[in-house]
Every structure is written in C-alpha cells, then in structure tokens.
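The values are calculated or read from the model by the stated rules, or taken from the named source; none is laboratory data. In this text the structure is predicted, and so the values were computed from the model without any measurement. In this analysis, Cβ positions are derived from the backbone assuming ideal geometry, glycine residues included, and neighbour counts consider all displayed protein chains. With ligands, DNA and RNA removed, areas are computed over all heavy atoms of the protein, side chains included. Shrake-Rupley method; radii C 1.70, N 1.55, O 1.52, S 1.80 Å.
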Amino acid sequence: MQNDTSESQSRAGVSRAAQAAARRTARQRQSAEDEIERLLEVTLELIEKSAPAMPSVSAIVAAAGISNQTLYRSFPSKDDLILAVLEKGVHRVADYISARMTGVDDPHEQILVWTRGVLRQVSHSDAAQTSRSVLEHLEKAGSSSQEDGGQDELLKPVTSLLAAPLQALGSDPVLDGACISDLVLGAMRRHLWKSTAPSPDEIEWIGRFVLGGLNANNRDGWRDVRPVDK
C-alpha cells in the first residue's frame with residue numbers, strides 16, 4: 001500500500017510539473033508571437049513611410065524598441081523579415097477580398113469582385129508604392145521566395161479564393177483558376193513595374209474578359225480538351 005501511494009504521488013507530481021512547464025512554454029510562445037507581430041507591423045509602417053527606399057535594420061530595431069540580436073533571433077536576415085512582411089500583406093489582401101466576395105451570392109459577380117480586389121493593389125497609389133518597394137528589394141537580394149515554392153505559393157491565399165466560385169460554375173478550379181490568376185496578376189505586375197495604375201474601365205474590362213473566357217470554356221465539347229501529358 002505504501003509503495004502504491006508513493007507511485008501515485010510521483011505520477012501526480014510529474015503531471016503538475018508537466019502542466020507547469022506547458023504553461024511556461026505557452027507564455028513564452030505568446031510573448032514571442034506578440035514580439036514578432038509588432039516587429040512586422042513596425043517594419044510595414046516604416047516601408048510605407050520610406051517608400052520607394054527601404055528602411056535600414058537600425059531604423060527597424062529602433063522603431064520596434066528591440067536589439068539587433070532580438071531581430072536576428074527571429075529572422076536570419078533582413079530579406080527574411082521583408083518576405084514575412086510581404087506574406088502578412090498577402091494575407092491582409094486575401095482577407096479583404098474574401099470579405100467582399102462573401103457579400104455577393106452570384107459566382108460570376110464573386111469572380112468580378114476578386115478581379116477588382118487584386119487590381120486595387122495597383123490602383124491604390126500607397127499600396128502600389130509599398131508593394132513595388134518590397135518586391136524590388138527582394139528581387140535585388142535574389143530572394144523572391146523561390147526557396148519556399150516561389151510566388152505561386154506566396155500568393156496562394158489570394159488565388160485559392162477563386163476555387164469556390166469556379167466550382168459553382170462547373171469550371172475547373174485548377175486549370176481555369178491558374179489561367180485567371182495568370183491574366184489578372186500579370187496585369188497587376190505590369191502596372192506595378194511601370195508605376196502606372198489601371199483605370200476603372202480597364203479593371204471592369206479585364207473582369208468581363210475573364211467571364212467571357214469562362215463562358216467559352218464551358219461550351220459543350222470544349223471541356224473534353226485537356227493538355228497532353230508528356
């Protein structure tokens with residue numbers, strides 16, 4: 001009996017110790033996440049203020065109130081930090097477009113909303129300048145997210161929003177989604193690098209062009225055509 005009691009107390013002690021360690025780990029993790037989130041917010045604010053120039057590491061750590069060691073403990077290089085800011089920006093754009101798409105029921109209109117939302121990133125001057133500054137920096141540094149699957153993977157939170165309306169229309173969310181993304185994102189990049197902005201008429205024309213292509217693609221017999229595997 002005495003031995004059983006000792007073993008029971010030991011198991012209870014280990015359980016309490018594990019719980020205490022878990023609470024400490026959770027607090028440390030939350031603290032690190034809060035610190036990184038603030039660092040990303042501060043960096044984005046500095047990029048917006050200094051565009052087209054990029055803020056220096058010293059400016060970033062000063063504004064965030066941290067040391068260089070703290071920054072590099074979270075991100076191995078400035079380029080990794082800028083890429084994390086870009087990823088955060090992509091998720092914000094995806095949330096914005098998703099909310100707009102949810103507000104309409106017709107899948108055709110949802111695709112138009114998606115097109116307008118993407119091209120808004122270059123029709124809005126401040127957003128375009130920030131995006132251009134970040135992408136130029138990453139391109140010069142040779143770290144345009146290629147190690148993590150490239151731009152396709154980076155933009156997936158945005159491009160994946162096309163899947164639901166395309167499925168509702170009986171279209172192929174993979175093939176048709178890729179074609180629409182290539183067209184609309186290509187127009188966005190063209191304006192981004194030329195420092196121009198699409199007019200409201202151009203944005204609407206691109207959206208209607210996309211819908212026209214989907215209608216043609218869904219005609220009887222056309223769906224039987226598939227790329228030949230090599």
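Within the accessible area of the stretch 34-121, the carbon and sulfur atoms contribute 51%, probe 1.4 Å, all protein chains present. A crude spin-label estimate for the pair ARG29 and GLU41, with each label 7 Å from Cα along the Cβ direction, gives 2.2 nm.
Sorted by accessible area (1.4 Å probe), largest first, how do THR25, THR43, THR102 line up?
In descending accessible area the options line up as THR102, THR25, THR43.
Sequence-ordered 3J(HN,Hα) estimates for the stretch 79-85 from the Karplus curve with 6.51, -1.76 and 1.60 and θ = phi - 60° stand at 4, 5, 5, 5, 5, 5, 5 Hz, glycine and proline given as x. Taking 7 Å steps out from each Cα toward its Cβ at ALA197 and ALA18 produces label points 5.8 nm apart. Summarising the label geometry, the points placed 7 Å from Cα in the beta-carbon direction at ARG189 and LEU175 lie 2.3 nm from one another.
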